[in-house]
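Just so you know, all these numbers are worked out from the coordinates, no wet-lab data involved. These numbers were taken from a predicted model, which means no experiment stands behind them. When we count neighbours, we look across all protein chains shown, and the Cβ atoms used for this are built from the backbone with ideal geometry, even at glycine.
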Amino acid sequence: MSEDPGPSESRLRPGELTFTVVLLLASVVLVSLIGVETRAYRRLAMPTQPWFWPGVALGGMVLCSLALLVSHWRERARSGQQSGELNEVAFIARSVEFMCWFMAYVWLTPWIGYLLSTVLFMLCLSWRAGYRNGRTLGIAAGLGAFIVVLFKAFLNVKIPGGAVYDLLPPGAANFMITNF
């Protein structure tokens, strides 16, 4: 027999409670910032104020996410279901890790240049993915250099040079800014 719940017995999926808590916190933060992000005008009626409809929408988000949170807690208490939240949060954190790698790449590019940051990014991600032998890391570095040449030379993508290029002699700096 299948373990699928019937219409009267619901089973919460891992991550639902975490998502609901994050949604509630984000909603509360956005409601608290509405006075900072919008203005109020003296002569306008309340429904025509710039803050009114965003406030209604955010207030609805707070109420709905609060109701959903209460519903999840009640359902979990009623069913006695064990939480899989920690596994789900760990899975999401692993996904966020790679977003942080990319953000570091984006942050480093204006400082160390497109070529060096791309090669470094490829090496770091290869290392992080478990590819640690010299041949594989060499392929990763070569692929990074190939991507830079492809984007700069063949696709004519204009990416500003890195600040480190200013340390090079004028001719070399111009060459690196133009080509890498």
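Span-like helix criteria (full DSSP H runs; alpha carbon extent of at least 30 Å along the helix axis; mean Kyte-Doolittle hydropathy of at least -1.0) are satisfied in the chain by 52-79, 85-112.
Label sites at ASN179 and MET103, each approximated as a point 7 angstrom past Cα along Cα to Cβ, lie 3.5 nm apart.
When shorter helices are ignored and each DSSP H run of at least 4 residues is given -39500 (n - 2.57), the per-residue value for the chain at 222 nm works out to -22000 deg cm²/dmol.
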